[in-house]
Structure formats: C-alpha cells, structure tokens
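Shown next, in structure tokens, is the structure this report addresses.
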Amino acid sequence: IRLPVLIVDAFNVLHASAKAGLGRIDVTRLTALIAHSPWASEHVVLVFDGTGGRAAPGRGSLRHPADVGLDLESRGSGISEVYAGGGMVAGASKPPDADAVIESLLEREEQMGRGRLATVVSSDKRVRAAATGARAKSIGSEEFLKRLAEDVRKAHERAKRKDGGRPEFATDEG
C-alpha cells in the first residue's frame with residue numbers, strides 16, 4: 001500500500017501560527033490539529049532543525065535523518081518527528097538542517113515513484129522548489145494552518161449536530 005505522505009517543515013509552520021490567526025502554538029497542539037484533520041489518514045513527518053527532545057507518547061522520533069526513508073516504508077498512518085541535527089547525511093560536510101532533510105525525503109519519494117503522493121508544508125522557497133522538482137504538492141504554512149483550523153471547526157459543528165440540539169423527529173408544530 002502506498003500511503004500519501006505529508007512532510008511538514010515544523011518550525012516554519014509553528015512560526016506561521018500567529019499569522020494564521022491561531023496565536024502561538026507548540027508541537028503538541030500542531031499534532032493534535034493534524035490528528036483531527038483529513039491528513040490524519042496519511043503518514044505525517046514533522047521535520048525539525050536541531051537534535052530535539054523526547055518525543056511525546058504515541059509519536060515516533062528519529063534521531064538520524066538517514067533512517068527516515070526506511071521509516072516511511074514501514075509505517076502506516078501516524079505522526080513521526082525527525083530531527084535534522086541527529087546525524088550526518090552521506091557526502092555532507094556539516095549536519096543537515098530541516099530543509100536538507102526535506103529535500104532528501106522528497107528526492108527519495110520521487111526515486112521510489114511516489115513523488116506525486118507527497119505533500120510538503122512550508123513557506124520556505126527552497127523547500128517548495130524541491131517539492132516542485134519531485135512532482136510533489138506543496139502548501140504554504142499559513143494556508144495549511146488555516147485549513148487545519150477550518151477542519152477543527154467543521155468537526156465541532158458535526159459533533160454538535162450529532163450530540164447536541166434537537167432530535168431529528170422533533171418539529172416546530174405542536
């Protein structure tokens with residue numbers, strides 16, 4: 001089964017949250033928003049700069065960017081965290097940043113014939129150009145957050161219609 005993959009430039013998205021009208025959000029809130037969206041059925045990879053801390057319960061954490069490709073093949077839907085500073089990429093003179101890891105992921109997805117199944121979230125021009133080169137879709141961070149907020153709003157409306165309000169058999173006639 002070829003699951004679509006959503007590759008998120010995590011710090012880029014977190015920094016765009018205020019512009020999207022969500023105030024400042026953290027990783028926990030971002031993952032909760034994604035988990036309640038249509039993207040929850042995809043494999044979501046949050047890519048961070050740095051070496052990262054401990055992953056929250058239920059979230060995978062890859063310390064070495066080279067392990068990401070293997071992880072994409074073995075996982076179903078869910079959210080993984082990748083820390084770009086966790087290890088060296090072959091042929092690199094310095095540890096990679098999140099952009100370089102995203103580029104590597106996109107290159108690998110394209111080589112595997114899955115480029116069109118990938119969606120990249122970033123407002124970074126370098127990352128979006130890499131997505132275009134890999135035939136992946138891309139969406140800006142602010143737009144992505146607005147879509148997530150809209151998904152949550154719609155989910156709340158559906159829940160209200162199902163659980164709250166009047167029963168279907170009730171009418172205005174006495």
Worksheet item: Once amide H atoms are placed 1.01 Å from N in the peptide plane, what residues at a sequence separation of 5 or more from Val44, or on another chain, have their amide H within under 5 Å of its amide H?
Response: Leu6, Gly78, Ile79, Ser80
Worksheet item: In region 1-49, which trypsin sites (Lys or Arg not before Pro) fall in coil by DSSP and have 11 or fewer other Cβ atoms within 10 Å?
Response: Arg2, Arg24
Worksheet entry | Accessible surface of region 1-49, 1.4 Å probe, proportion on carbon and sulfur as whole % | 57 percent
Fill in: Positive-end extreme of charge dipole, region 105-166 - chosen from Ala159, Val120, Ala136 (charges on Cβ)
Ala159
Fill in: Charge context of Lys146, other residues only, Cβ under 13 angstrom, K/R +1, D/E -1
0
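The values are calculated or read from the model by the stated rules, or taken from the named source; none is laboratory data. Quantities reported herein were computed from a predicted structural model and do not represent experimental measurements. Note that we place each Cβ from the backbone using ideal geometry, even for glycine, and neighbour counts take in every protein chain shown. Accessible surface is based on the protein model in full, side chains and every heavy atom, while ligands, DNA and RNA are left aside. Shrake-Rupley method; radii C 1.70, N 1.55, O 1.52, S 1.80 Å.
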